[in-house]
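Asks: The structure under discussion is supplied below as structure tokens; questions concerning it will follow.
The values are calculated or read from the model by the stated rules, or taken from the named source; none is laboratory data. Just so it is clear, the model here is predicted, and its values are computed rather than measured. Here Cβ is always computed from backbone atoms with ideal geometry, including for glycine, and neighbour counts include all displayed protein chains. Please note that ligands, DNA and RNA were not included when accessible areas were found on the heavy atoms of the full protein model with its side chains. Shrake-Rupley method; radii C 1.70, N 1.55, O 1.52, S 1.80 Å.
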Amino acid sequence: MALDPLANKQQAWSALFSEPMSELVQRYTASVGFDRRLAQADIEGSLAHARMLHAQAILSDDDLAAIERGMAQIRAEIAAGSFAWKLELEDVHLNVEARLTALVGDAGKRLHTGRSRNDQVATDVRLWLRGEVDRIALLLAGLQSALVELAAGHAETVMPGFTHLQVAQPVSFAHHLLAYVEMFARDAERLADLRRRVNRLPLGAAALAGTSFPLDREHVARALGFEALCENSLDAVSDRDFALEFSAFAGICMVHVSRLAEEIVLWMSQNFGFIDLADRYCTGSSIMPQKRNPDVAELARGKSGRVIGHLMGLLVLMKGQPLAYNKDNQEDKEPLFDTVDTVADTLRILAEMVSGIVVKPEAMERAARRGYATATDLADYLARKGVPFRDAHEAVAHAVKVALGRGVDLAELSLAELQALHPRVEADVAEVLTLAGSMKARALVGGTAPAQVQRQVERHRARLAQGVGGGALQPAADS
């Protein structure tokens, strides 16, 4: 039976093959179902490549004009949702190229001169991810601002600080919130730092060894807003460190999200009752009419596992690959895309939810009083009176035992009872045993004293206004 030499005519590599790809293999190997979101980056990169080819006298004036005209139409079709994506064309790159060729003829076929899908896809993903990095940086800044503004009104709102989920010492609610601001600020720093490594141009590496055409890689880098070139062609097409690094950032960030979400769930529960959430961030029960469940916070907590899982998947994907490009790398996109979507959606909704939190100071104060939160203050008081701290610690433990037996707070023990436990106790102990006094005493940098906390609020406001650690990055140059 004679084989049809045009059986694979729609494939970019068909001439070598003597039989068509099976439908099952087409479906198994195709990525166009998910990588079509790279279309705008693909067009942007292709236009920069075409203009460079023209500048290098590799493309004629007519070819460049035709390519630009065709790409403008393709952009419009994609934006309108009328672009016909074809599974048999495998990926976004071949779909765009095939449509371009259908529109402008041979000029479309000349566009691929000096490049491979290997360096093309690496460029597209970097371009796309750079834009997402900038978007997520702004969302991180928004979440930090929401936390800072909530904290600004609660520098003197006392709550129990916990270790081992046991009441430890009094802290201000603002101080507690600002701990998360510090976490998210570090996330923003990591994001800004990794952006530099994302923003390197692989185009020009071709399949793996570079190209014999006299390309001007710096020209393309400038046009696309890249700040450096990938200097080794083998590494340029096979490297996915930028995706791994972003996923590592995302995993750490979502751990911070999860910790905050866990506390919101606890604080809203009847056992704590520290805060309330707006109804729009809660759901009810199909059977229990009294329920208001903090489902948004719970889901944010749950989605952290999803993002961390994607990081693990990407690490395993890369760990056994020899140089240079391998088809395995097609599997980098779905976890990366989902990580970006998950982090962005979570940061946005969490910022909105935080802005709507209603604080219940009385419940927080009652909880702080229940756990003998000023015990350390009493020990410090005795130490300042000259009692060795270990002896002071022992004396206060006895005082807590007495208070527990009577069912009262340390501040409710009489001066005589306290002096019976240690003779160095004097009348000035009363101020030490108040929750407000405990907070006020911790006035060193980083402490929970209201004045110190308010200074931290202003520091974060100024930092975020200036874009320091808050994600205010300059957009890339337009191609």
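Asks: Pairs under 7 Å by beta carbon, first residue farther than 15 Å from Thr211 by Cα in the range 101-114, partner crowded, with 19+ Cβ neighbours inside 10 Å and small (Gly, Ala, Ser), six or more apart or different chains?
Replies: Thr101/Gly108; Leu103/Gly70; Val104/Ala66; Val104/Gly70; Ala107/Ala66; Gly108/Gly70
Asks: Another question, then. Name the residues in the range 195-218 that are open to solvent by 30 Å² or more (accessible area, probe 1.4 Å) and assigned to a strand (DSSP E or B), would you?
Replies: Of everything in the range 195-218, just one residue is open to solvent by 30 Å² or more (accessible area, probe 1.4 Å) and assigned to a strand (DSSP E or B), namely Arg200.
Asks: Go over the candidates Ala188, Ala192 one by one and state the one that is open to solvent by 10 Å² or more (accessible area, probe 1.4 Å), part of a helix (DSSP H, G or I) and among the aliphatic types (A, V, I, L, M).
Replies: Ala192
Asks: Here's something else I'd like to know. Kindly provide the set of residues from the range 151-167 that are open to solvent by less than 30 Å² (accessible area, probe 1.4 Å) and in a strand (DSSP E or B), ordered by number.
Replies: Val158, Met159, Pro160, Gly161
Asks: Residues of the range 238-286 being assigned to a loop (DSSP other than H, G, I, E, B) and in contact (Cβ under 8 Å) with a residue 24 or more places away in the chain, which ones?
Replies: Asp239, Arg240, Phe272, Gly273, Phe274, Leu277, Ala278
Asks: With Met318, Met353 as the choices, which residue is of a type in the set (A, V, I, L, M, F, W, C), under 29 Å from Ala168 (Cα atoms) and at pLDDT 95 or above?
Replies: Answer to the selection: Met353.
Asks: Continuing with this model, one more query. Can Val359 be described as touching a helix residue (DSSP H, G or I) at 6+ places or on another chain (Cβ under 8 Å), over 24 Å from Ala297 (Cα atoms) and open to solvent by less than 50 Å² (accessible area, probe 1.4 Å)?
Replies: no
Asks: Out of all the residues in the range 168-185, which are outside any helix (DSSP H, G or I) and open to solvent by less than 50 Å² (accessible area, probe 1.4 Å)?
Replies: Ala168, Pro170, Val171, Ser172
Asks: Within the range 286-307, which residues are open to solvent by less than 40 Å² (accessible area, probe 1.4 Å) and either among the small types (Gly, Ala, Ser) or within 20 Å of Trp267 (Cα to Cα) (or both)?
Replies: Matches in the range 286-307: Asn293, Pro294, Val296, Ala297, Ala300, Ser304.
Asks: Could I ask something else about it? Looking only at the range 77-94, how many residues end up being over 31 Å from the mean Cα position of the chain (by Cα) and in a helix (DSSP H, G or I)?
Replies: Counting residues in the range 77-94 that are over 31 Å from the mean Cα position of the chain (by Cα) and in a helix (DSSP H, G or I) gives 5.
Quick grid of which residues meet (1) of a type in the set (S, T, N, Q); (2) exposed (fewer than 14 other Cβ atoms within 10 Å of the Cβ); (3) touching a residue at least 24 places away in the same chain (Cβ under 8 Å):
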residue	(1), (2), (3)
Ser31	yes, no, yes
Asp35	no, no, yes
Ala39	no, no, yes
Glu44	no, no, yes
His49	no, no, yes
Glu68	no, no, no
Met71	no, no, yes
Glu88	no, no, yes
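Asks: Of the residues Asp328, Asp338, which is part of a helix (DSSP H, G or I), within 30 Å of Ser238 (Cβ to Cβ) and free of Cβ contacts under 8 Å to residues at least 24 places away in the same chain?
Replies: Asp328 is the lone residue from the list that is part of a helix (DSSP H, G or I), within 30 Å of Ser238 (Cβ to Cβ) and free of Cβ contacts under 8 Å to residues at least 24 places away in the same chain.
Asks: A further question follows. Looking only at the range 394-409, filter to residues that are surrounded by 11 or more Cβ atoms within 10 Å (Cβ to Cβ) and outside any helix (DSSP H, G or I); which one of those is nearest to the chain's Cα centre (by Cα)?
Replies: This residue is Asp409.
Asks: Taking into account only those residues within the range 51-66 that are part of a loop (DSSP other than H, G, I, E, B) and free of Cβ contacts under 8 Å to residues at least 40 places away in the same chain, which is surrounded by the fewest Cβ atoms within 10 Å (Cβ to Cβ)?
Replies: Residue satisfying both the conditions and the ranking: Ala57.
Asks: Could you say which residue among Leu138, Leu147 is open to solvent by 50 Å² or more (accessible area, probe 1.4 Å), assigned to a helix (DSSP H, G or I), under 30 Å from His175 (Cβ atoms) and out of contact with any strand residue (DSSP E or B) (no Cβ under 7 Å at 6 or more places or on another chain)?
Replies: Among Leu138, Leu147, only Leu138 is open to solvent by 50 Å² or more (accessible area, probe 1.4 Å), assigned to a helix (DSSP H, G or I), under 30 Å from His175 (Cβ atoms) and out of contact with any strand residue (DSSP E or B) (no Cβ under 7 Å at 6 or more places or on another chain).
Asks: Hey, another quick one. Only one of (1) of a type in the set (A, V, I, L, M); (2) surrounded by fewer than 16 Cβ atoms within 10 Å (Cβ to Cβ); (3) touching a residue at least 40 places away in the same chain (Cβ under 8 Å) is not met by Val316, so which one is it?
Replies: If we test Val316 against (1) of a type in the set (A, V, I, L, M); (2) surrounded by fewer than 16 Cβ atoms within 10 Å (Cβ to Cβ); (3) touching a residue at least 40 places away in the same chain (Cβ under 8 Å), just (3) comes out false.
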